[in-house]
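Scroll down for the structure; my scribbles are underneath it.
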Amino acid sequence: MPEIDVASESPEELRRRMVADLRAREAIRSREVEAAFLAVPRHVFAPEASPEEVYGAPEAIFTKRDGAGRPTSSVSAPWLHARMAEVAEVAPGMAVLEIGSGGCNAALLAELTGPRGSVTSVDIDPDIVARSRALLDEAGYHGVRVQEADGAQPVSGAPTRGFDRIVVTVGAADLAPAWWDQLAPQGRLVVPLRFRGLARTIAFHRERGHLRSDALIVSGFVAIQGDSAHAPRVVRLAGDDVRLVVDEDQTADVPALVEAFAGPRYERWTGVELGGSERVLPRLEVWLAGALAPYGKLRATPRAAERGLVGWVLERGTPAAWDETSLAYVTLRAVPLAVPERYELGVIAHGPGRTDLAGCLAEAVERFDREGGRTSEPVVRAYRRDDPEITGGVVVDKPHVRLTIT
């Protein structure tokens, strides 16, 4: 076959190619989401980029930055929009609230809710609100309501029964009470939530008096603004080359951990092996967050590995645990002569208590393997702070909710 000149393809052709790719990757599974993606002129919502970039983007396209150059608004990658649309399970006639505007996702939601449904999109930034309104009008989605407001606060004009779906498109560090209160009894909340140094887009539904996850997606989003923004602490163990991400005000003695990291290392290998194509590590990260405390993520630059400061640490970081004087983190090594390639999980620890701490983290990894963590998705439950139902296990405290992970 002759090569296709992608640059000569129309936006409609690029859209069909995008949908076919998303179908092949199983990011799109339902006919309803496929139809929405075929209908929405995605390129209209990112005029800064070419249609080829918009429809083929593997990552988000940033549409606004603050004075320091940090992104404050974006159009998410097609695969992430698709996965969120799938897990939201939006149906015709529903009332949907979007927290964090931009236009493109609101248009997709409008296609899914149909003429009998409603979509309200709110954002705290007046520039983004004005831009979204203009682009939605340009694309023909005049019925979407766009409102300037802090999305963590109650939305004016909400349906009496609550919103059938609340879809958050900014990274959150907490679950705002307003989302809980304005969610319909049979509603679903889809939110990119940061906890214990991890970023997951979680689809929640109500289960008795709390919220229970039924889908977790590895993802990253522009951070939410306003009163509900809570940034994690970063402990620099070796300047900017090695950093420990500490969330939820967990205790961390910075001088002691820096001193520990500068000292000798201890290694313990678990015998737990992974194939090169297995997607086990994202599950392991979340599972460990429910098994260990304190717990966070260790991030390292390629330069840190070249200098021998760390073992094998993936670009997105690795699970880490610590105590008053010591630090341990998960690492990998190639299994010799394995075909196809395989890797063994292990632990590297520093500090006076390195042997015991490495053992604790390694045993948790081994327990994950024994208890079927490879094949089952961890379950995140969110409770109101004063909920007496919470019993036992590691509890992740947020300003407004408490999380458990099983």
* Sole residue being at pLDDT 95 or above and among the basic types (Lys, Arg), chosen from 354, 316 -> 354
* **Of all residues in segment 138-151 being of a type outside the set (A, V, I, L, M) and open to solvent by less than 60 Å² (accessible area, probe 1.4 Å), the one that is farthest from residue 101 (Cα to Cα)** => 140
* Structure fact -> Filtering segment 328-372 for residues that are in a loop (DSSP other than H, G, I, E, B) and either more than 19 Å from residue 296 (Cβ to Cβ) or of a type in the set (Val, Ile, Thr) (or both) leaves a count of 10
* Structure fact -> Flagged in segment 130-168 as under 24 Å from residue 46 (Cβ atoms), out of contact with any Ser or Thr (no Cβ under 7 Å at 6 or more places or on another chain) and among the hydroxyl-bearing types (Ser, Thr, Tyr), in numbering order, are 141
* To do: Report the residue count in segment 381-391 for those that are open to solvent by 60 Å² or more (accessible area, probe 1.4 Å) and either charged (D, E, K, R) or at positive phi (or both).
  => 4
* Is at least one residue of segment 364-372 at positive phi, touching a residue at least 40 places away in the same chain (Cβ under 8 Å) and either under 22 Å from the mean Cα position of the chain (by Cα) or open to solvent by 60 Å² or more (accessible area, probe 1.4 Å) (or both)? -> no
* With respect to residue 87, determine if the residue is at pLDDT below 95, assigned to a helix (DSSP H, G or I) and among the aliphatic types (A, V, I, L, M). => no
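Residue-by-condition table, conditions (1) hydrophobic (A, V, I, L, M, F, W, C); (2) at positive phi; (3) open to solvent by less than 20 Å² (accessible area, probe 1.4 Å); (4) assigned to a helix (DSSP H, G or I):
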{"position": "119", "(1), (2), (3), (4)": "yes, no, yes, no"}
{"position": "153", "(1), (2), (3), (4)": "no, no, no, no"}
{"position": "157", "(1), (2), (3), (4)": "no, yes, no, no"}
{"position": "192", "(1), (2), (3), (4)": "no, no, yes, no"}
{"position": "202", "(1), (2), (3), (4)": "yes, no, yes, no"}
* Asked: Given 59, 32, 53, which one is in a helix (DSSP H, G or I), at pLDDT below 95 and open to solvent by 80 Å² or more (accessible area, probe 1.4 Å)?
  -> 53
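The values are calculated or read from the model by the stated rules, or taken from the named source; none is laboratory data. Note that the coordinates shown come from a computational prediction; the quantities given were computed from them, not determined experimentally. Every residue, glycine as well, gets a Cβ built from its backbone with ideal geometry; the counts of neighbours run over all protein chains shown. Keep in mind that these areas ignore ligands, DNA and RNA; they rest on the heavy atoms of the full protein, side chains included. Shrake-Rupley method; radii C 1.70, N 1.55, O 1.52, S 1.80 Å.
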